[in-house]
Amino acid sequence: MPRRISFLLAVLPLLVAACAAPSKMATTSMSSSASASYTVAIPDVTAERFQITATIKGITADTTTYFFPIWGPGAYDLVYFGKYVRNFTATGANGEPLNVRQVDSNSFHISGIHGVVNLRYEVQDIEDVPNSALFGLSDIEPDFAFANTPALFGYAAGYKAIPHTVTYAHEGWDITLGLDPVAGQPDTYAARDYDELVDAPVHMGKFQRLEFMVDGKPHIISITAPTQLSKSDAQALVDTARRVVKIVSGVFGELPYNRYIFQLLLVDLNNTNAMKAFGALEHANSSTYLMPYVEGRVAQSLAEVLAHEYWHLWSPKRIHVAELGPFDYQRGPRTRSLWFAEGLTEYYAQALLARSGMVSPEKIIGDLNQAAGSFGVRRQRESITDLSLRVAEAPLFEIIGLYSKGPMIGFLLDAEIRLQTGNRKSLDDAMRFFNEKYGKTGATFGDDDIIPIMEEATGAKLSEFYKRYIAGREPLPFAEYLPRLGFTSVVTYDTATTLGATFSADEQGWVVEEVAPNGAASLMGLQKGDILTKVQGPDNEFPLTSIPPQFADMLAGQLPPGLTVVFLRNGTSKKTQVQVRTVINEEKQWGIDRADSSLGAQIRKAMIGA
């Protein structure tokens with residue numbers, strides 16, 4: 001779900017970022033005057049339905065099939081958006097009824113056409129779909145509405161490449177979306193084709209609007225939150241977003257858009273009903289965020305995820321394998337390269353902020369230590385390329401590997417290039433090469449081309465690294481690489497809030513694998529084999545199937561008091577009050593000597609700023 005899990009605030013169940021690639025014009029035998037125009041309205045917010053009308057002109061045959069997407073690029077999961085369409089009808093140019101036959105949940109066959117088809121249908125908002133996150137779906141509330149536009153628009157077979165316009169009726173509400181407005185037509189926006197139309201989510205509502213400029217180009221932030229951001233929070237957010245834009249675009253030396261939109265949907269941490277799948281999704285000229293609202297720390301909590309989504313403007317929006325654009329909306333993507341599209345993106349989201357001083361390099365060092373324990377000790381059950389192949393069907397908690405192991409692969413791959421070339425070349429050079437040869441030309445490449453292209457760009461030999469650690473399942477070689485980068489092993493002591501147990505994931509929730517003696521889980525009465533299914537508050541609840549168990553202790557430090565956990569023991573449902581404990585941990589960890597001036601230390605500093 002492109003979902004990508006780029007930044008993890010301590011409470012975040014999941015941070016999924018996603019990847020949609022720019023559209024490519026396709027050849028077709030359609031009329032040269034063919035076009036499609038849509039209108040979107042919400043007549044009654046309480047009904048929670050979008051009302052859609054469309055006119056498609058220039059259809060040369062007397063029949064067509066109108067398809068709704070089964071997935072939205074970047075979110076990867078299979079939603080089958082047509083299942084949420086209601087009251088679908090079609091008429092001709094003069095209002096005469098056309099014959100409509102529903103083929104399946106996602107397509108309608110229309111016959112009796114004489115050049116023009118007028119469509120009318122409704123779309124139920126779909127903010128709650130199993131194994132999907134809101135930023136890839138849609139929602140209508142009393143004070144705002146949001147839609148990732150594959151949820152709203154379909155296409156006539158063979159007519160995706162025609163020009164599209166869309167008019168949004170949003171009386172009394174503000175609006176943001178990434179499409180350019182049509183001059184002289186209020187609230188109407190133009191897309192050069194269907195791919196561009198559904199790569200521009202819409203945010204409407206009584207939201208807070210912030211703006212800033214970079215290199216003469218406007219950047220807009222629309223914010224729906226539990227309360228309006230304070231003046232200091234708003235200014236900090238603008239400053240952070242501006243710095244992110246400058247830092248990330250500086251790698252490539254361009255701003256490849258006319259204007260850029262950040263759409264923020266911030267939710268109350270105490271609303272456990274909303275704590276399902278935090279994250280974000282990138283688009284060609286915009287990005288959408290479903291994140292917790294942390295008063296006084298909004299900018300700080302968003303910095304890394306902003307960097308992740310903004311990096312996606314290049315990879316994989318413009319730099320991508322053929323499987324990620326142009327899209328087949330009736331078949332989910334199958335690619336082995338999401339380690340490149342998502343994992344390397346997360347590496348850069350962390351590394352660029354650390355290099356620039358926006359975040360402490362100690363955070364990356366902490367992540368390296370955590371990853372060394374997770375990925376550097378034992379052979380992995382699955383390679384990251386195999387995980388990438390099944391991402392469309394994988395449950396949310398399994399996809400975390402793209403965003404936890406992925407950036408570590410990026411770190412080690414960057415180190416490998418720099419070590420081989422004496423720090424004369426880096427992964428940065430490879431990404432710039434990709435952009436010049438592919439991003440700026442619209443050309444694509446295959447999964448098997450990525451490493452040869454990197455070798456061409458840097459002169460480094462990387463096929464063995466790929467074979468062992470990316471396509472292979474060997475433990476990541478932290479113990480080999482970190483000393484060569486000037487890292488030293490140190491003993492540390494720290495306090496941590498913990499549930500006092502280790503967990504694995506299954507389709508029902510968290511399976512208790514081990515209970516620490518006298519720990520919180522022991523006091524709660526939990527036993528090995530119990531399955532924790534959900535956490536309940538006074539008025540609501542959230543399922544633990546949506547939260548990777550790796551984040552159990554991260555979540556423990558943020559849970560409000562008075563919660564109950566529901567668990568299964570031998571098939572019987574039981575409850576116990578949530579308890580946590582603070583413990584002191586002694587660990588051997590990797591640290592750095594800032595006085596070290598060796599080549600390895602210079603490489604490390606170039607990579608993470610310390």
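Remark on the stretch 35-311: ratio of C-alpha radius of gyration to 2.2 N^0.38 Å is 1.03.
Here the 3J(HN,Hα) profile of the stretch 328-336, calculated from phi with Karplus coefficients 6.51, -1.76 and 1.60 at θ = phi - 60°, is 9, 6, 9, 8, x, x, 10, 9, 8 Hz, Gly and Pro shown as x.
Helix check for the chain. Which DSSP H runs span at least 30 Å along their own axis by Cα, with a mean Kyte-Doolittle hydropathy no less than 1.6?
none
The Rg/Rh ratio of the stretch 155-285, with Rg taken over Cα atoms and Rh as the Kirkwood radius over Cα pairs, comes to 0.99. Temperature 20 °C, viscosity 1.002 mPa s: under these conditions the Stokes-Einstein estimate for the stretch 374-452, based on its Kirkwood radius over C-alpha pairs, is 145 µm² per second. Grouping the Cα pair distances of the chain into 10 Å bins from zero gives a pair-distance distribution of 3, 16, 26, 26, 18, 8, 2, 0, 0 percent in increasing distance order. Sorting the segments 92-98, 369-375 by their mean number of nearby beta carbons within 10 angstrom, highest to lowest, gives 369-375, 92-98. Panel note: the C-alpha atoms of the stretch 92-132, placed on their principal axes, show extents of 41, 18, 13 Å (largest first). When you count the other C-beta atoms within 10 angstrom of each residue and take the mean per peptide, 198-208, 296-306 line up highest first as 198-208, 296-306.
Take the Cα pairs of the stretch 281-400, get the Kirkwood Rh, then feed it into Stokes-Einstein at 37 °C and 0.692 mPa s and tell me D in µm²/s. It would help to have the intermediate numbers written out before the result.
Values: Rh = 16.2 Å.
Approximately 202 µm²/s, per Stokes-Einstein.
Here the contact order of the chain, divided by its residue count and restricted to Cα pairs under 8 Å and six or more residues apart, works out to 14 percent. A cut-off under 14 angstrom between Cβ atoms defines the neighbours of Gly600, and their net charge, with Lys, Arg +1 and Asp, Glu -1, is 0.
A Cα-only calculation for the stretch 494-586 places Rg and Dmax at 12.3, 39 Å.
Checked against a 20 Å cut-off, the cross-linked pairs Lys405/Lys440; Lys363/Lys605; Lys206/Lys231; Lys231/Lys363; Lys246/Lys425; Lys363/Lys461 give Cα-Cα distances beyond that limit for Lys405/Lys440; Lys231/Lys363; Lys246/Lys425; Lys363/Lys461. Straight Cα distances below 20 angstrom link Lys575 to the lysines Lys528, Lys534, with same-chain residues fewer than 8 positions distant left out.
Every number in this text was worked out from the coordinates using simple rules, so none of it is lab data. If you're wondering where the values come from, they're calculated on a predicted model, not measured in any experiment. Neighbour counts run over all protein chains shown; Cβ positions are idealised from the backbone, glycine included.
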